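First up is the structure itself, then whatever we jot down about it.
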Protein chains: 2
Amino acid sequence: MQTLFTNPKVDPSQHPDLNQYFAFGISVDCVVFGYDGVDVKVLLIKRGTEPFLEYQAIPGDLVHPKEDAVTATQRVLKDLTGLQNIYLEQLQTFAGVDRHPLGRVATIAYFSLLRIEDYNPKPSSWATDAQWTPIQQLGEMAFDHKEIFDVALERLQRRVRHKPVGFELLPTEFTLTDLQHLYETLLNTQFDKANFRKKILAMGLLLPLDKMRKAVRYRPARLYKFDPNRYEALSNRGFLFEL
Amino acid sequence: MQTLFTNPKVDPSQHPDLNQYFAFGISVDCVVFGYDGVDVKVLLIKRGTEPFLEYQAIPGDLVHPKEDAVTATQRVLKDLTGLQNIYLEQLQTFAGVDRHPLGRVATIAYFSLLRIEDYNPKPSSWATDAQWTPIQQLGEMAFDHKEIFDVALERLQRRVRHKPVGFELLPTEFTLTDLQHLYETLLNTQFDKANFRKKILAMGLLLPLDKMRKAVRYRPARLYKFDPNRYEALSNRGFLFEL
DNA sequence: ACAAAAGTGTTACACGTACACCCATGA
DNA sequence: TCATGGGTGTACGTGTAACACTTTTGT
């Protein structure tokens, strides 16, 4: 019989009734958001295995017995989609009794934002597909993944209002209009151009570059990048800006 | 041998190597905050059992095999401290490999705010004590409970700035000065009396009562209560006020 | 009358909002 | 020169911060 205890100093026979409490599985699922200049997208796989064969799913899998959750998430993301070195933030844990047909599995959901251009997903392991999917075009999803996605999207929208998420979602160089479009897409609103610019620039997070976006048939826009130092400084104090 | 699968339709012998993945324990821990008019306090128990016998701890215990996490938390809180019908919000899950000496246990931490006057904790089960403890007076705590507490406190402080937490922490009837003291304590700052009042009243969340606080040797202050309707309305839209 | 806290009004200034206007480019 | 989006200035109203002031109670 498989030992249920990781610490050999504890004798399981001293706690015979404890075994039933050590029969949970733990999985991780990671909702990865990206932006391509037009749509907000989420990285989804197609399952090549039962249960939920062929269903769309958030990338995720069971955690190994001696692996911590963040490590597991990085491993699973790499195995299924090829993505590596992703910044992860814990979202929420879903622990419903019947959420997994194979047994009692609680899943720790993670959340990530990244520049879509930097990551080209390639399905492997039991994932038969891995695609950036516009968040309006979600099909039926495996397990309770739709619910997980909804919670993640809510978090993203809340996040936009408190942290400069453009830092993570936009290419390194971008125009103020790019940034405004991102915010308008995420929050599903419209902003006044002049006021948006004033507010964003007043935060002092952006460094103007000596570059313009070219090859457009109208006036070229100045490119900016985020100032990582200023971002750090504000991060620690917890921003709190509103749009 | 104990079956590891809750769903009898799945035959475990079909997945022999899967057993090692179903050897986790899951616990819940609940950080309950209260306010007594002077201090912010947290509900802690003293452990009457190994491991960490006699240590201060956040109330929590292992989840039963067919019990969902919120139900488990309510049960555990009632068993250990007598508190019932508490509003819970999920905080974060702590899943470090070595955080529990008995085996691999991930804990789902919950978070709660309540009126201290309404709840008089009584230790039972394996808790030998249950006390409202001022958050400055924390001793050494069991497991990684200090870390969990720190995350909870951070959440509380962030929360104060976005939701009117007084709603949950103050007695039903309170004065504007009570509310101001609460905010000053939580955020560790000072506010101008006149400006604080103007701002709070402008939110329209408070209903003035035809009552005064009496038996004080200075001018009696008007009592207020929260307007639950207005709170609901703003809740859905996600407040976002700052102080 | 005094102490102590309740409660209000005034002013200066920062900031958000609305909107009008000019600028640079390719076709 | 026109269409298109880039980019800026101003004027107005609201909100914030600082601070002085008045009011009401018990002793």
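Values in this text are rule-based calculations from the coordinates and carry no lab data. From a predicted model like this one, the values you see are computed outputs, not experimental measurements. Heads up, the Cβs are rebuilt from the backbone with ideal geometry, glycines too, and the neighbour counts pull from every protein chain shown.
Which Cα, out of A:His64, A:Gly25, A:Leu43, lies furthest along the positive dipole direction of chain A (beta carbon charges, K/R +1, D/E -1)? Positive-end residue among those listed: A:Leu43. Compactness of chain B is given as radius of gyration and Dmax, 21.4, 78 Å, from Cα positions.
Per residue of peptide A:79-92, the mean number of Cβ atoms on other chains within 10 Å of the residue Cβ is 1.
Taking a ≥ b ≥ c as the square roots of the eigenvalues of the Cα gyration tensor of region A:25-160, is the shape rounded (a/c under 1.5), prolate (a/b larger than b/c) or oblate? The shape class here is rounded.
Just to verify a number: FRET efficiency for A:Leu207 and B:Gln136, C-beta to C-beta distance, R0 = 60 Å, to 0.05?
After rounding to 0.05, the efficiency reads 0.90.
For the protein assembly as shown, the residue among A:Phe191, B:Asn85, A:Thr73 whose Cα projects farthest onto the positive side of the dipole built from Cβ charges is A:Phe191. When Rg and Dmax are taken over the Cα atoms of the protein assembly as shown, they come to 25.3, 78 Å. The mean sequence distance of close C-alpha pairs (under 8 Å, at least 6 residues apart), as a share of the length of chain A, puts its relative contact order at 20 percent.
Projecting 7 Å from Cα along the Cα-to-Cβ direction, the label point of B:Asp98 sits 4.1 nm from its equivalents in the other copies, listed shortest first.
Beyond 30 Å in Cα-Cα separation lie the following of the pairs A:Lys199/B:Lys163; A:Lys146/A:Lys198; A:Lys78/A:Lys163; A:Lys225/B:Lys193: A:Lys146/A:Lys198; A:Lys225/B:Lys193.
Remark: label point of B:Leu209 defined 7 Å out from Cα along the Cα-Cβ vector; separations to the same position in other copies 6.1 nm, ascending.
Rg/Rh for region B:166-237 (Cα atoms only, Rh after Kirkwood) is 0.97.
Among the residues of B:98-109, the average count of other protein chain beta-carbon atoms within 10 Å of the residue beta-carbon is 6. For the protein assembly as shown, a simple Cβ point-charge model (Lys and Arg +1, Asp and Glu -1, everything else neutral) yields a dipole of about 2340 debye relative to the Cα centre. Starting from the label point of A:Gly37 at 7 Å along Cα→Cβ, the same points in the other copies fall at 6.4 nm, in ascending order.
Taking the helices alone, the protein assembly as shown has a mean residue ellipticity at 222 nm of -8000 deg cm²/dmol, built from -39,500 (n - 2.57) per DSSP H run of at least 4 residues and averaged over all its residues. Across q = 0.12, 0.15, 0.19, 0.31 Å⁻¹, region B:86-140 modelled as identical point scatterers on its alpha-carbon atoms has Debye log10 I(q)/I(0) values of -0.44, -0.70, -1.06, -1.09, in the order of the q list. Peptide A:54-65 shows a mean partner chain C-beta count of 2 within 10 Å per residue C-beta.
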